[in-house]
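Here is the structure we will look at.
The values are calculated or read from the model by the stated rules, or taken from the named source; none is laboratory data. All figures in this text were calculated on a predicted structure; none of them were measured in a lab. When we count neighbours, we look across all protein chains shown, and the Cβ atoms used for this are built from the backbone with ideal geometry, even at glycine.
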Amino acid sequence: MFSGRMRIIAAGLLAAAVLGLFTFMQAWNDFFWPLVVLTPENPTVQVALSTLASGYTTDFARVLTCAVIATVPMVVVFTLLGRQIIGGIMSGAIKG
């Protein structure tokens with residue numbers, strides 16, 4: 001009786017983990033909403049990066065360094081959770 005439910009719950013947990021990861025990625029990379037809502041004194045990483053790149057002169061070394069720093073969390077997440085991400089995506093696939 002419980003074995004069928006446990007299989008459904010296990011598949012749902014993988015899908016929920018992938019959905020949570022995709023939601024984190026979307027929130028991390030969001031630009032427009034924080035630009036509208038937040039004050040200039042407290043920007044997100046992407047808004048601050050845009051501010052660095054939009055001056056009269058652009059220090060490309062600083063902009064590219066900040067861009068690399070902004071991508072580090074995504075690389076770490078994919079490195080640590082890559083197999084779980086693929087497993088969660090493929091759990092709903094049809095063999096065939």
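Observations on the model:
- In the stretch 41-59, residue nearest to the chain's Cα centre (by Cα) [restricted to those that are loosely packed, with under 10 Cβ neighbours inside 10 Å and modelled with pLDDT under 85]: S54
- Residue in the stretch 6-24 that is over 24 Å from G82 (Cα atoms), surrounded by 10 or more Cβ atoms within 10 Å (Cβ to Cβ) and polar (S, T, N, Q) present: no
- Listed by position, the helices (runs of 4 or more DSSP H) inside the stretch 1-79 whose residues that are out of contact with any strand residue (DSSP E or B) (no Cβ under 8 Å at 6 or more places or on another chain) and closer than 19 Å to I89 by Cα number at least 3 are 2-29.
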